[in-house]
Amino acid sequence: MTADATDTADLTDAGLIPAPLTYTPGTGAGPTLGPGAAFDAAPGTEGTARWLRAVLGLDTDGDGLPVRLALDSALAGGPEAYRLTVTADGVLIVGGGPAGVFWGAQTLRQLAGPDAYRRAPLTGRAWHLPAVTVEDAPRFAWRGFMLDVSRHFLPKDGVLRQLDLLAAHKLNVLHFHLTDDQGWRIEIPRHPELTATGAWRPRSRYGHRDSPLWDERPHGGYYTQDDLREIVAYAAERHITVVPEIELPGHSQAAITAYPWLGNPGYGAPGVWTDWGISPHVLAPTDEVLRFYEEVLSDVLEIFPSPFIHIGGDECPKDQWRTSPAAQERIAREGLGDEDGLQAWFIRHFDRWLADRGRRLIGWDEILEGGTLAGGDSGGGLSAGAAVSSWRGWAGGIAAAEAGHDVVMCPEQHVYLDHRQADGPDEPMPVGWVRTLRDVYAFEPVPPALAGRDAARHVIGTQANLWTELIDDQGRADYQTWPRLCALAEVAWSAAGRRSWPDFERRMTHAHYARLDALGVAYRPPGGPHP
Ligand code: TNX
């Protein structure tokens, strides 16, 4: 498959987001898919058949238009690749694996038109389809979205809705930021105070003085283990992996508030944090703290089948360690050199612990500090399977890739969705730098320093990050996320040669905003907050 077979005008007409590898119009009129469609789903693709029936409102099988879902493990492009063929005689989706069939079904839904995104039909359930063949496969295996539910809790329903939206854009990873200084969001029955205390912050003036949330409201919430199992199952039906994040050793003030002995002696119970930035509280480097987090992670492994487990590792404050006898003793005893070495010691411990259980550690690029890159499996560094989320630009990601570690590129310069979208005074989220839709679209996950080199294969993908210090409801989350996540989806899925900003803009205005409208997504309008 090459990207050349497609006439851009046809693709613009169909308005597919993300752009597929090829889009080849067939001859003659396309069919109408309606009640009585005859589904024939190969083993392993029944879930997609159920999903497609549900979203298109085709509940009863009959002798209508045949819709065949099939598997061909030899399909070029791997298990997520698909070929969708629509003719007057029927619809055929062939996937390299079940995931490919699901992505093909998502493309079919886009072809059916914006009303296919409503929860109830306006004018019956008959979908006029173009005659076409689409051949497609993702560029990257990790196409992600990070959701911070610590700074502001998003009730479960909102998470499930977000999974639907990710699937509609062929995104396949939800990086779920479940713990931080401002709230602990995962029930751990053995340690009930984590949620009884750590999930709630008091009536407070949350954030900085310029915050629109300077409103003195209490805030909190958490997911039960069954809630999380439901989220994982719902994601799996959509071929999305939920990668849980349990932050350590920094960004742990909520946990330390729940169990003050997790922190360094002399600092008491700090309270669930009502500010943001980098809290001075950090886990104490004791054996008891390691055991506690192993118990937490045991539950995490039981709930989340993800091959990757995120342990945070970013922005670790070191002052408390500098004056803590226990920390200094640990540094001396283990020969760690300094506090950076102590941070690395924490990360290495959980790297090994996860690897022993068949999982892979992933952490923010600070996990590369303090000598953790040295040595690989044989030395004192990270195990070969450990991976890095490169957020402070590219340098960490490049160093990790060169050392043979997989990398998810998510530099704040391009893909931070909490940052504002324009400079104007009307922009409701005055946070960070300006990251326009076009800035996100222009993001290239493989930096020049890696391009063309073998190490580039370690860039396994990219993700956009939604930090929620200022985002306390779904409307605000939608506004910050969309349409920028559409651009990220195309960066992550589409072949680099297939990307074109003018064409993306046309596909958005021609077709995709209408889909988001039908879905009820409160995106930032192309002209700004007040069109
Ligand atoms: C840095 S990105 C953080 C987050 C903040 C974010 C705000 C990262 C690993 N740490 O804790 O929410 O900046 O943009």
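The values are calculated or read from the model by the stated rules, or taken from the named source; none is laboratory data. What you see is a predicted model, and the numbers here were worked out from it, not measured in a lab. When we count neighbours, we look across all protein chains shown, and the Cβ atoms used for this are built from the backbone with ideal geometry, even at glycine.
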>> Restricting to segment 422-443, name every residue that is assigned to a helix (DSSP H, G or I) and within 16 Å of the ligand (Cβ to nearest atom).
In response: 439, 440
> What is the residue count in segment 331-344 for residues that are within 28 Å of residue 177 (Cα to Cα), buried (at least 20 other Cβ atoms within 10 Å of the Cβ) and not small (Gly, Ala, Ser)?
Replying inline: 3
>> Checking the conditions here, which among 114, 155, 66 is surrounded by fewer than 24 Cβ atoms within 10 Å (Cβ to Cβ), of a type outside the set (A, V, I, L, M) and farther than 30 Å from residue 520 by Cβ?
In response: 66
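Only one residue in 502, 447 is surrounded by fewer than 21 Cβ atoms within 10 Å (Cβ to Cβ), part of a helix (DSSP H, G or I) and not basic (Lys, Arg). Which one?
Values: 447 fails: part of a helix (DSSP H, G or I).
Selected residue: 502, the only one of 502, 447 that is surrounded by fewer than 21 Cβ atoms within 10 Å (Cβ to Cβ), part of a helix (DSSP H, G or I) and not basic (Lys, Arg).
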>> Suppose the filter is at positive phi and either in contact with a His (Cβ under 7 Å, 6 or more places away or on another chain) or not in a loop (DSSP other than H, G, I, E, B) (or both); does residue 397 pass it?
In response: no
>> So in segment 399-410, with the set limited to residues that are over 18 Å from the mean Cα position of the chain (by Cα) and surrounded by fewer than 23 Cβ atoms within 10 Å (Cβ to Cβ), which one is nearest to the ligand (Cβ to nearest atom)?
In response: 399
>> Regarding segment 361-384, can at least one residue be identified that is out of contact with any strand residue (DSSP E or B) (no Cβ under 8 Å at 6 or more places or on another chain), at pLDDT 95 or above and surrounded by fewer than 22 Cβ atoms within 10 Å (Cβ to Cβ)?
In response: no
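Here is a yes/no grid of residues against (1) more than 22 Å from residue 241 (Cα to Cα); (2) in a helix (DSSP H, G or I); (3) modelled with pLDDT of 95 or more:
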{"position": "452", "(1), (2), (3)": "yes, no, yes"}
{"position": "455", "(1), (2), (3)": "yes, yes, yes"}
{"position": "460", "(1), (2), (3)": "no, no, yes"}
{"position": "488", "(1), (2), (3)": "no, yes, yes"}
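So how many residues does segment 320-330 have that are assigned to a helix (DSSP H, G or I) and either surrounded by 19 or more Cβ atoms within 10 Å (Cβ to Cβ) or within 16 Å of the ligand (Cβ to nearest atom) (or both)?
Narrowing segment 320-330 to residues assigned to a helix (DSSP H, G or I): 320-322, 325-330.
Right, trim to either surrounded by 19 or more Cβ atoms within 10 Å (Cβ to Cβ) or within 16 Å of the ligand (Cβ to nearest atom) (or both) and you get 320-321, 327, 330.
The qualifying residues number 4.
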> Among the residues of segment 466-494, which ones are more than 17 Å from residue 442 (Cβ to Cβ), within 16 Å of the ligand (Cβ to nearest atom) and touching a helix residue (DSSP H, G or I) at 6+ places or on another chain (Cβ under 9 Å)?
Replying inline: 466, 468, 470, 471, 477, 481
